[in-house]
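Data block below; observations after.
Bear in mind that the values in this text are calculations on the coordinates, not laboratory data. Worth saying up front: this structure is predicted, and the values here are computed from it rather than measured. Ideal geometry is used to build each Cβ from the backbone, glycine not excepted, and the neighbour counts take in all protein chains shown.
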Amino acid sequence: MFKSTRVINGFGYDPDRDPHLHQEWLVTNGLGGYASGTIAGDLTRRYHGLLVAALPNPWGRYLMLTALSERCCLSGQEPIFLGSCELWGTVEHGSALMPSEFSLDLGFPVWKYHVVGSVIEKRLLMLNGQNTTHVSYRLVPGSSSVESLDIDVLVGINFRPHESDVTWPLVQHFEIKTDEKGLDICGDAEGPVLRLACSPSGVPFAEQRKVSCIEYQIEQNRGYPSRGPVFTPGYFRLTLKAGEDVTFLASTESWDVIHALSVEESHGLSIQRRRSLLQRVRPPLRDGPSAELVIAADQFVIQPRGRGHDEIRAQVSGNELRTVIAGYHWFTDWGRDTMISLEGLTLITGRAYEARWILRTFAHYIKDGLIPNMFPEGTNEGLYHTADATLWFFHALSRYWLTTGDDLTVYQLLPALENIVRKHTNGTRFGIHVDESDGLLSQGADGYQLTWMDAKVDGWVVTPRRGKAVEINALWYNALCLLASWKDFIQGEGEGREIAAQADKVRRSFNQRFWCEEKGHLFDVVDGEDGDDASCRPNQVFAISLPHEVLDRRYWQPVMDTVEHKLLTPVGLRSLSPDDPHYKAHYDGDLRSRDAAYHQGSVWAWLIGPYIDAWLKLHPGKNAEARELLSAFASHLNEACISSISEIFDAEEPHTPRGCIAQAWSVAEVLRCWAKTIVEDEKNSSPSRG
């Protein structure tokens, strides 16, 4: 049967050393909303909360329910607090109890606490397609001689944008309304409403209005304000009986939506949905780390709730609005990340219909030959400052077409693709244009970082890479080859001849200009602001890894030897060689220090994908050896965000995970390569479409 379970034991008690404070869990709702925290229960990030709701613009993602703090009430004994007791304030009597076990069951977190000879199990899930969180408690059957146990569940809230500092001021007056359905907690008159209830209903609520201050350790380490207020309206008293669930519900939905399904139905359907995710993939991917990554992949594919006009347009045209969250906690949907991730998140996982919706969603936003780079939080308009996202769009569409044979989608998008190439050739925004002398694509504009190496802080573009960047031209060549083949296929043989000739010119120029004989690898940028840049970076791998490789085969081995010796690590590729004077071994400190290291050495997990693609071209059929390059990721699933993959890692051992705790293209590329390197013959595409 399907397996996707990870169990963590051995909790410590030293808050300064406890590794469980740096292990985090994440549950999402398919809308961009999420719940997340440390497995030990402490709040350490501004983003931690049990209900971060994805609300219509201009609200965006809003932290509504910050935390729950449980107190066991034992007859004649001092209370025992499950995990952190910060919300209760100064506690003179009682003790805090760490969980004895934490596990993920199909991605849903489960905690177990041993309380005076009894075992209390706590589970959390979010309902897909709703801003609703369920937290269920039960007394595990057979674990206790007592028939029931009372616990008080104290509620902590703070209505604020999820990316705001923790010092965001509390609402001046929270209005609490109570009726037979539960509690309505209102802040601003026009703002969202948090609804709280319990099942079975009729659980007593004791009002206890007060404000606690929480210290967020990771925010302090990252140089941000770290002490912020949390409001507690009061607590619910739950009576736990052996084998019977009592569920706490928090939601921003209407009461009709909240009670449309019983708690039992909601839980059953949620588990069924997770199992169906595993049912869709090939059998070798249904167990172990690959199964965990299939569940993790689901967290990034969303239906954005905020852009109402776009939802209506998509529905009227017979589509569904879909996009990809680039990373949790702070990223929104990014065009580049979406296109790079599309194959691993949707095609490998048997969700090609969603890939089609994603492609059509972004096609709608094409402007001046560009797809959006990103959609800022709480807005309807995209930003277009990217030179490569649109070229990745060609690659993503190609992978979709080869997997599905959906000629109609390619036919419908062909005019847009032709317009993209025309705009790039003649020149479009941000200095993106083709140099007529060599056919290579150049880009650059003051104050913008247009490639994926896009760190910028206080007006400082760390790696501007203006000029003719190596991966941009590898992608440009790949896009031209794809368009030429699609024109021949759809419009008739010979219709792509002119585009094919343009691609040939790019290939000749690329091999003349980008090979650096002195260094034995490719230039990172030619014709840049300061001439040709021979920095040793991973971008050169794309000249080999893409399906239509622009680099002559004679250069493949020396390029890959250099990348292996200087950039390859167990968790991806360094963004800069250690030989470079600008190399940064660690990604830490304040924002400026971190951004200075972001693309100057930090290891990027997603780059293991193109590296394996290129490596297998040099070593065809050696899938088992290629699979070994992924082995470190299996152990990484036990750190940072449990059962997911971080954005970046330190450049040197022990390669500490950094950045976003769960990154779409990291998960997508590792999962894609996991599937690609299964040691059995696999045909991902029809030979006739090669």
Note to self: Tell me whether the stretch 188-289 comes out rounded, prolate or oblate; compute the Cα gyration tensor, take square roots of the eigenvalues as a ≥ b ≥ c, and use a/c under 1.5 as the rounded threshold.
What the structure shows: oblate
Next item on the list: Pull out a ≥ b ≥ c, the square roots of the eigenvalues of the alpha-carbon gyration tensor of the stretch 248-381, then state rounded if a/c is under 1.5, prolate if not and a/b is larger than b/c, and oblate in the remaining case.
Entry: oblate
Checklist line | Per-residue ³J(HN,Hα) for the stretch 288-299, Karplus 6.51 cos²θ - 1.76 cosθ + 1.60, θ = phi - 60°, Hz, x for Gly and Pro | finding: x, x, 5, 5, 4, 6, 4, 5, 4, 4, 4, 5
Checklist line | Length gained when the stretch GLN557-TYR353 is fully extended (0.36 nm per residue, less Cα-Cα span) | finding: 69.6 nm
Check: Could you give the distance between the Cα centres of the stretch 574-599 and the stretch 308-378, to the whole Å?
Finding: 30
Check: Among ASP580, ASP613, which comes first, second and so on when ranked by fewest other beta-carbon atoms within 10 Å?
Finding: ASP580, ASP613
Item checked: By average C-beta atoms within 10 angstrom, highest first, the peptides 443-453, 465-475 -> 465-475, 443-453
Note to self: Of PRO200, GLY234, LEU261, which is farthest towards the positive pole of the stretch 199-262's charge dipole, taken about the Cα centre with +1 and -1 on the beta-carbons of Lys, Arg and Asp, Glu respectively?
What the structure shows: GLY234
Checklist line | Span from the the stretch 24-95 Cα centroid across to the the stretch 406-450 one, whole angstrom | finding: 47
Notebook entry, point to check: Long-range amide H contacts for GLY234: which residues qualify at under 5 Å (H placed 1.01 Å from N, peptide plane, sequence gap of 5 or more or a different chain)?
Noted result: VAL155, GLN208
Checklist line | Charge-dipole axis of the chain as Lys and Arg at +1 and Asp and Glu at -1 on Cβ define it, positive-most pick from TYR328, ALA668, GLN600 | finding: ALA668
Check: Charges only on Cβ, +1 for Lys and Arg, -1 for Asp and Glu: so what's the dipole of the chain about the Cα centre, in debye to the nearest 20?
Finding: 1120
Checklist line | Net dipole in debye of the stretch 435-558 [+1 Lys, Arg Cβ; -1 Asp, Glu Cβ; about Cα centre; nearest 20] | finding: 340
Next item on the list: Kindly express, to the nearest 10 degrees and within the range 0 to 90, the angle between helix 664-676's C-alpha long axis and the longest C-alpha principal axis of the chain.
Entry: 70
Next item on the list: Round to a whole angstrom and tell me the spacing of the C-alpha centers of the stretch 211-256 and the stretch 647-673.
Entry: 29
Check: Say R0 is 45 Å: what FRET efficiency, to the nearest 0.05, do VAL116 and ARG627 get from their beta-carbon distance?
Finding: 0.40
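Subtract the Cα-Cα distance of GLU207 and LYS456 from 0.36 nm times their separation in residues, and report this length gain in nm to one decimal.
Result: 85.0 nm gained on full extension.
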Notebook entry, point to check: Can you list the HN-Hα couplings for the stretch 650-662, worked out from phi with the Karplus curve (6.51, -1.76, 1.60; θ = phi - 60°), rounded to whole Hz and with x for Gly and Pro?
Noted result: 4, 6, 10, 4, x, 6, 4, x, 9, x, 4, 6, 9
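Take peptides 40-46, 72-78, 487-493, 192-198 and line them up by average Cβ neighbours within 10 Å, highest first, as a rough protection proxy.
40-46, 192-198, 487-493, 72-78
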Checklist line | Computed Rg/Rh of the stretch 435-558, alpha carbon atoms with Kirkwood Rh | finding: 1.01
Item checked: Net charge dipole size for the stretch 567-681 [Lys, Arg +1 and Asp, Glu -1 on Cβ; Debye, nearest 20] -> 220
Item checked: Under the Karplus curve 6.51 cos²θ - 1.76 cosθ + 1.60, θ = phi - 60°, whole-Hz ³J(HN,Hα) for the stretch 606-622, x wherever Gly or Pro sits -> 5, 6, 5, x, x, 4, 5, 4, 5, 4, 5, 5, 7, 10, x, x, 8
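So what's the back-of-envelope 222 nm ellipticity for the chain, counting only DSSP H runs of four-plus at -39500 (n - 2.57) apiece and dividing by all residues, rounded to 500?
The per-residue figure over the chain is -9000 deg cm²/dmol.
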Item checked: Residues whose placed amide H lies under 5 Å from that of GLY83, excluding near-sequence neighbours -> LEU97, MET98
Note to self: Restricting to bridges with both residues inside the chain, how much of the DSSP beta-bridge set is antiparallel, in percent to the nearest 5?
What the structure shows: 95
Checklist line | Dipole of the stretch 482-572 [Lys/Arg +1, Asp/Glu -1 at C-beta], most positive-end residue of VAL526, VAL559, CYS516 | finding: VAL559
Margin query: If packing is taken as the average count of other Cβ atoms within 10 Å, what order do 108-116, 172-180 fall into, highest mean first?
Written below: 108-116, 172-180
Note to self: For LEU55, what residues show an amide H to amide H distance below 5 Å, using hydrogens built from the backbone and excluding near sequence neighbours?
What the structure shows: GLY60, ARG61, TYR62
Check: What shape does the stretch 402-475 have by the C-alpha gyration tensor, where a ≥ b ≥ c are the square roots of the eigenvalues, rounded means a/c under 1.5, and otherwise prolate means a/b greater than b/c and oblate the rest?
Finding: prolate
